[in-house]
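Report on the following structure.
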Amino acid sequence: MPDATVSFSGSYPRHPQLHPSSAAGTSTRFDGGMLYRSANVPEAMIPDERCSWQIKDYECLEILNRKPVRFVCRARCKVSGILVALKVFNKRELSHSDCDHSPHLSEAQVRREIALHSSLQHPGVCQLYAAFEDNRTIVLVLELCRQGSLAERLERGRIPDALGKQVLRELFAALSYIHSRGVLHRDISPGNLLFGDDGKLRIADFGLAVDMRCHAPRNAAGTVYYCAPEVLRPLVDPHIFPTWDYGLQADVWSCGVIAYEVLTGAPLFDEDLDREITMRKIASGDLRLPQPLSAAEKAFLGCALQVDPAARATVDQLANHKWLVEPCRKRRLNFLGSGLRLRRTLSLIRED
């Protein structure tokens, strides 16, 4: 059952005029108040008498996801009545350290998430409308994707072939754009692939993303089941792999695992295995395709699931693969998949 309706309350100061937005939005830093406002934000959501927003402008209708330092809720803007998703961070629970190796999420990392997400303007990226703060919270105002996640669709069973191919095309188009901006998402998983009101896929949650143009990742992050071998090796065998060395191709591996699930409706790795055993299987490249697949499907998955990231296809190569672009053929194979359980997607390595 969803959490009870909550009204935000408290005294929140009003803030000075927001700098005008450019075509890609603005990310001007304030000491309190508005952190970012997109040029694409619905005009009706902008308060008339002030330029920055306050948390009491929203009514929380349902908690969608909760973690120790933040929660995501479906909320109604009191100014316009528009439904949005709010990602609310509790500043008291955020670390003041900005060390990459810290096990705790820091305020600086949340601000980097805002800066990175706000730089991405694409139909396949969940829109960040605005971000603001007060003395207690940092709030991200996001597009509400009311048609649910890919994880929820996979729970209901295997996706029809034509729809499955369309989902993969939309995923690759959005991820190609993200990669072209030098951004590694690091948590491409069905729970972070949402469907907007238009039915099209959106990539969401850039909390673990890294701008590879600035620095390379120096630790493991993501949902274990979808992590690439090169991400897990230093955790599994730190003596042989003492440091992390991975890049954009790690997202491609995640896409390969998702593609298998879309094709078969079944998990690629045994869901009942212990987390540590699963990590070792992935890190060692112990990969078997347990479901029956056509030669073309195996060739496609083989491009995405190369253990060596240098041999792995790019997102653009997957998008242009012969199997994906050709019309669907009548399937005669019997698949065993009857729905994926969500519990394994909760195995997050770490939010760094």
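Here, each number is a calculation from the coordinates, and none is a lab measurement. Being a predicted model, the structure only gives us computed values, none of them experimental. Cβ sites come from the backbone with ideal geometry, for glycine too, and all protein chains shown count toward neighbours.
Computed over the Cα atoms of segment 239-308, the ratio of the radius of gyration to the Kirkwood radius (Rg/Rh) comes to 0.98. As a ratio to 2.2 N^0.38 Å, the alpha-carbon radius of gyration for segment 150-346 is 0.97. Scoring 72-78, 276-282, 195-201 by mean Cβ neighbours within 10 Å over their residues and listing the highest first yields 72-78, 276-282, 195-201. Straight-line cross-link partners of Lys87 among the lysines, defined as a Cα under 24 Å from its Cα and at least 8 positions apart when in the same chain: Lys56, Lys67, Lys78, Lys200. Taken along the Cα-to-beta-carbon direction at a fixed 7 Å, the label points for Val325 and Gln166 span 2.0 nm.
If the segment from Asn90 to Ser180 were pulled out straight at 0.36 nm per residue, it would be longer than the present Cα-Cα gap by 29.2 nm. The peptide list 63-69, 300-306, put in order of mean Cβ contacts within 10 Å with the highest first, becomes 300-306, 63-69.
Averaged over residues, the count of other Cβ atoms within 10 Å places the peptides 54-62, 156-164, 133-141 in the sequence 133-141, 54-62, 156-164, highest first. Modelled spin labels at Leu83 and Arg156, positioned 7 Å past Cα toward Cβ, are 1.6 nm from each other.
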